[in-house]
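Single-structure report; data block below.
Each reported figure results from applying straightforward, stated rules to the coordinates on display, with no laboratory input. Note that the coordinates shown come from a computational prediction; the quantities given were computed from them, not determined experimentally. As a convention, Cβ positions derive from the backbone with ideal geometry for all residues, glycine included, and neighbour counts pool all protein chains shown.
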Amino acid sequence: MKRRHTPVRTAAAGISLLLAVAVTLTGCSNGTTGSTDHKYVIGVAEASTQIPFLAKLDESITKRAAKYGIETVILDGAFDNAKQAANVTTLAGRKVDALLVISSSPTSVVGPINAASKKGIPVFAVNSRLDDKADVITYVGASNFDYGVAQGKLLLKALPDGGKIAVILGPLGNPAQVDRLAGLEKVLKSHPEFEIVAKPSDEFDNAKNLSVTQDLLNKYPEGELDAIVAQGPQMYVGANYAVKQGRTDVKIIAADYPKQIEEAITSGAIYGTVDQNPKTQGEIAADYAYYWLTGKKDKVKKPEFITPLPLVTKETVATYSSVWSF
């Protein structure tokens with residue numbers, strides 16, 4: 001869910017080691033598109049396979065790679081920076097042909113990434129930007145800063161006269177949390193009619209989102225809180241709770257676009273969201289790895305390929321179909 005960057009929509013989650021396909025480091029391809037004498041293997045160092053957005057991203061990488069006859073190995077970092085850094089080292093040690101890194105930290109994986117790059121393994125950052133010191137081919141994903149700006153635009157539309165807002169943050173220190181907040185605050189800086197009164201974290205967890213929402217609605221009765229802006233898609237849980245409690249006075253802006261958010265926008269429980277598509281990111285990342293490995297490097301956009309972030313409200317929800325779900 002893009003964390004420097006957010007950024008994910010059906011997949012098996014919660015496995016610490018996900019083998020997308022049985023792995024063979026050598027051998028011949030079976031005549032699939034892009035077949036060569038060498039059976040390519042892509043290693044994916046995933047921040048967490050337990051997040052539905054990221055699970056959909058992984059699924060999209062795996063399916064796209066399979067079309068090229070490429071096998072995929074996915075290791076789960078479990079939102080543990082040290083574990084993910086170790087996973088990058090493990091994949092490089094297995095001599096995968098390319099590495100895709102979806103990181104929970106912009107800096108913790110830099111050392112292992114650079115070590116892999118020195119071994120001749122091309123590394124691609126996906127969904128979450130890495131520190132400039134990381135030796136990567138390119139970045140594929142959304143801009144989390146622009147994501148926060150987009151949420152700010154939704155907020156201005158929802159509350160043209162301003163108001164008091166709460167921002168439900170993702171995991172603290174995660175790239176998505178840091179950059180989305182910076183983007184939102186940039187918009188609000190020129191709009192003093194808005195005041196951020198609270199910034200709790202739900203850590204991108206459904207149960208914690210419900211708890212945080214309950215706390216906010218109890219602390220701020222009607223007339224004292226005008227909107228909640230969430231950095232993650234878990235906000236559908238809190239939004240549905242707010243409706244049941246009769247707190248339709250609070251405008252709710254979510255993040256990402258699972259089917260649950262689509263339904264909540266349609267019903268009016270959520271005012272709007274920013275759509276970051278994990279399927280698009282996964283497919284382009286797999287495409288780029290394939291292009292790089294097969295001598296088509298000119299087809300890889302550098303230093304980044306920024307995916308679009310359309311705004312979805314009740315007026316536009318029919319235009320966009322969600323591609324993932326909790």
TODO: Return Val237, Val44 ranked ascending by Cβ neighbour count within 10 Å, so the fewest neighbours appear first.
DONE: Val237, Val44
Task: Per-residue ³J(HN,Hα) for the stretch 247-253, Karplus 6.51 cos²θ - 1.76 cosθ + 1.60, θ = phi - 60°, Hz, x for Gly and Pro - done: 8, 6, 6, 9, 6, 10, 10
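For the peptides 217-224, 126-133, what is the packing order when you average, over each peptide's residues, the other Cβ atoms within 10 Å and list the highest mean first?
126-133, 217-224
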TODO: Take Leu91, Leu172 and order them by how many other Cβ atoms sit within 10 Å, fewest up front.
DONE: Leu172, Leu91
Open item on the list: With just the Cα atoms defining each centre, how far is the stretch 204-239 from the stretch 167-195? Give it in Å.
Closed with: 16
Open item on the list: With both bridge residues required to lie in the chain, what share of the DSSP beta bridges run antiparallel, to the nearest 5%?
Closed with: 15
TODO: Quantify how much of the Cα-Cα distance distribution of the stretch 228-326 extends past 23 Å, in percent.
DONE: 37
TODO: Give the cross-link partners of Lys199 among the aspartates and glutamates, using a straight C-alpha distance below 17 Å as the criterion and excluding same-chain residues fewer than 8 apart.
DONE: Asp179, Glu185, Asp215, Glu224, Asp226
Task: Helical contribution to [θ] at 222 nm, DSSP H n ≥ 4, -39,500 (n - 2.57), averaged over the chain, rounded to 500 - done: -11500 deg cm²/dmol
TODO: Report ³J(HN,Hα) in whole Hz for each residue of the stretch 285-300, in order, from the Karplus equation J = 6.51 cos²θ - 1.76 cosθ + 1.60 where θ = phi - 60°; Gly and Pro get x.
DONE: 4, 5, 4, 5, 4, 4, 4, 5, 6, 10, x, 10, 4, 5, 8, 9
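A 20 angstrom limit on the alpha carbon distance is what I want to check against. Which of Lys95/Lys118; Lys153/Lys186; Lys56/Lys153; Lys164/Lys189; Lys164/Lys244; Lys259/Lys301 exceed it? List each step's numbers first, then the result.
Working: Lys95/Lys118 12 Å; Lys153/Lys186 11 Å; Lys56/Lys153 27 Å; Lys164/Lys189 14 Å; Lys164/Lys244 22 Å; Lys259/Lys301 31 Å.
As for pairs spanning more than 20 Å Cα to Cα, those are Lys56/Lys153; Lys164/Lys244; Lys259/Lys301.
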Task: Karplus-derived HN-Hα couplings along the stretch 120-137 (A = 6.51, B = -1.76, C = 1.60, θ = phi - 60°), whole Hz, x at Gly and Pro - done: x, 8, x, 10, 10, 8, 10, 6, 9, 5, 10, 4, 4, 6, 6, 8, 10, 5
TODO: Compute the Cα gyration tensor for the stretch 70-144, then decide on rounded, prolate or oblate, letting a ≥ b ≥ c be the square roots of its eigenvalues: rounded whenever a/c is under 1.5, prolate when a/b is larger than b/c in the other cases, and oblate in all that remain.
DONE: rounded
Task: Cα gyration tensor of the chain - equivalent ellipsoid semi-axes, whole Å, descending - done: 38, 18, 17
Open item on the list: Check which residues have an amide H placed less than 5 Å from Val44's amide H, if you skip close sequence neighbours.
Closed with: Val73, Ile74, Leu75, Leu100
TODO: Report the equivalent ellipsoid semi-axes for the stretch 144-275 in whole Å, largest first, defined as the square roots of five times the eigenvalues of the gyration tensor built from alpha carbon atoms.
DONE: 19, 17, 14
TODO: Please sort 161-168, 118-125, 145-152, 188-195 by packing, taking for each peptide the average over its residues of neighbouring beta carbons within 10 angstrom, highest first.
DONE: 145-152, 161-168, 118-125, 188-195
